[in-house]
Amino acid sequence: MQSHKTLIAISISVLLTWLGLFNWALAEVDCTTVTTLVSSCSSFIEHGFPDPMPGSPCCEGVNSLNVIADTTENKQSVCSCLMDLISTYNTNATAIATLPGFCGVALGFVIDPNTDCS
């Protein structure tokens, strides 16, 4: 009887975990995530150096943006969040815009204040 209860508990736990991951995968990307990923590029964004290189923490963050922009909705969310960052850090907009090029990542949209993310 005890092993049956344990099996049911494990099954419910696995199901709840799977549902949580499923819901997470369906969720839109939020700007906190985008900002966190781009924050590894803060030295380049703020000071213009060192140039990001593929494999660096900065480029890993930019590559992660590409990975999470896996649906049209997520791509639009990433785009909108990056446009918000450009608005916030206007003097550093060019640095933010050049990150994908330095890192060899194609996000599927141009990082520019005039980009329509829809």
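The values are calculated or read from the model by the stated rules, or taken from the named source; none is laboratory data. Small disclaimer: the values here were computed from a predicted structure and weren't measured. Cβ atoms come from the backbone with ideal geometry, glycine included; neighbour counts cover every protein chain shown.
For the stretch 93-108, filtering for residues that are closer than 20 Å to GLU60 by Cβ and either surrounded by 15 or more Cβ atoms within 10 Å (Cβ to Cβ) or touching a Cys at 6+ places or on another chain (Cβ under 6 Å) (or both) leaves 10.
Residues in the stretch 25-39 that are of a type in the set (Gly, Ala, Ser) and closer than 21 Å to GLY108 by Cβ were compared, and the one that is surrounded by the most Cβ atoms within 10 Å (Cβ to Cβ) is ALA27. Scanning the stretch 81-92 for residues that are of a type in the set (S, T, N, Q) and surrounded by fewer than 17 Cβ atoms within 10 Å (Cβ to Cβ) returns SER87, THR88, ASN90, THR91.
Given the structure, is PRO57 modelled with pLDDT of 90 or more and surrounded by fewer than 17 Cβ atoms within 10 Å (Cβ to Cβ)? Taking the combined requirement at face value, the residue satisfies it. Of the residues making up the stretch 58-104, just one is of a type in the set (Phe, Trp, Tyr) and in contact with a Pro (Cβ under 8 Å, 6 or more places away or on another chain), namely PHE102.
Output the residues belonging to the stretch 15-46 that are in a helix (DSSP H, G or I) and at pLDDT below 85. If the condition is that a residue be in a helix (DSSP H, G or I) and at pLDDT below 85, then LEU15, LEU16, THR17, TRP18, LEU19, GLY20, LEU21, PHE22, ASN23, TRP24, ALA25, LEU26 are the ones that fit.
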